[in-house]
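The numbers here are math on the coordinates, done by the rules we state, and not lab data. Quick caveat, the model's predicted, so the values are computed rather than measured. Glycine gets a Cβ as well: all are built from the backbone with ideal geometry, and neighbour counts include every protein chain shown.
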Amino acid sequence: MARIYPFRALRYDTNKVRMEDVVTQPYDKITPEMQQAYYDRSRYNLIRVILGRKEPGDTDAFAPDAAATPQHNVYTRAAESLVSWRKKGILREEPEPALYGYSQTYVVPGTEETRERRGFIALGHLYDYAENVVYRRTDLPEAQIRPARPLQSHARLLRADLHAVLRPRLYRRVPDLRLRSPCRP
């Protein structure tokens, strides 16, 4: 069984930003038009961290020598944004570690049926694949596999000194879970 741990989340300070101006769709659902709209909504929109725009003169974070050369690209700008937002108090760290309730309402594609997915967000222990606690992407049903480039992109975000988990995994079907800290709006 996987081991999970509480953590201190970063949250937007709603005294400084309006949530509807700073949250986005999941990165893999965002079209170029949506990306621009998110950029226009707020200079603190999460789009600048999870799916930043390329700019002229950006270095190639995927180049073989990228680790050995100074970088300026979507990943370094994402890190700079997070650092700046924390210094300005736009993002604040929770005072106590907790597990965070999660609810997502969506319409099933191709239907008018609305569903709600519930779960929680927590830190997870890293396991060796041989322990059969976590699985490689190649061991998942094909419908669950996303293209490798976004996963490589996520790794670049983490290497850009973000020190934050930007796309947490959702755990579901835990009927007896009692959250220590309720999910706040």
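Here are some conditions: (1) among the aliphatic types (A, V, I, L, M); (2) within 21 Å of TYR12 (Cα to Cα); (3) surrounded by fewer than 19 Cβ atoms within 10 Å (Cβ to Cβ). ALA63 meets all but one. Which one does it not meet?
If we test ALA63 against (1) among the aliphatic types (A, V, I, L, M); (2) within 21 Å of TYR12 (Cα to Cα); (3) surrounded by fewer than 19 Cβ atoms within 10 Å (Cβ to Cβ), just (2) comes out false.
Do you know which residues across the range 3-46 are under 25 Å from ALA122 (Cβ atoms) and of a type in the set (Val, Ile, Thr)? Reasoning before the result, please.
Initial filter on the range 3-46 (under 25 Å from ALA122 (Cβ atoms)): 3-14, 19, 22-29, 46.
Hits for the range 3-46 are ILE4, THR14, VAL22, VAL23, THR24.
Considering only the range 1-57, state which residues are surrounded by 13 or more Cβ atoms within 10 Å (Cβ to Cβ) and among the β-branched types (Val, Ile, Thr).
ILE4, VAL17, VAL22, VAL23, THR24, ILE30, ILE47, VAL49, ILE50
Given the conditions (1) without any contact (Cβ under 8 Å) to a residue 40 or more places away in the chain; (2) farther than 19 Å from TYR27 by Cβ; (3) not polar (S, T, N, Q), and given that GLY52 satisfies all but one, which numbered condition is not satisfied?
Status for GLY52: all satisfied but (2).
Taking the stated definitions as given, is ALA2 within 30 Å of TYR129 (Cβ to Cβ) and without any contact (Cβ under 8 Å) to a residue 24 or more places away in the chain? Show your work before the answer.
Working: within 30 Å of TYR129 (Cβ to Cβ): yes; without any contact (Cβ under 8 Å) to a residue 24 or more places away in the chain: no.
When the stated conditions are applied, ALA2 does not pass them.
Take TYR38 and decide whether it is under 18 Å from GLN25 (Cβ atoms) and touching a Cys at 6+ places or on another chain (Cβ under 9 Å).
The answer is no for TYR38.
Any residue that is among the aliphatic types (A, V, I, L, M) and farther than 30 Å from HIS125 by Cα - is there at least one of those in the range 75-98? Give the derivation first.
Looking only at the range 75-98, we keep the residues that are among the aliphatic types (A, V, I, L, M), and these are 78-79, 82-83, 90-91, 98.
Subsequent filtering for residues that are farther than 30 Å from HIS125 by Cα retains none.
Looking through the range 75-98, none of the residues is among the aliphatic types (A, V, I, L, M) and farther than 30 Å from HIS125 by Cα.
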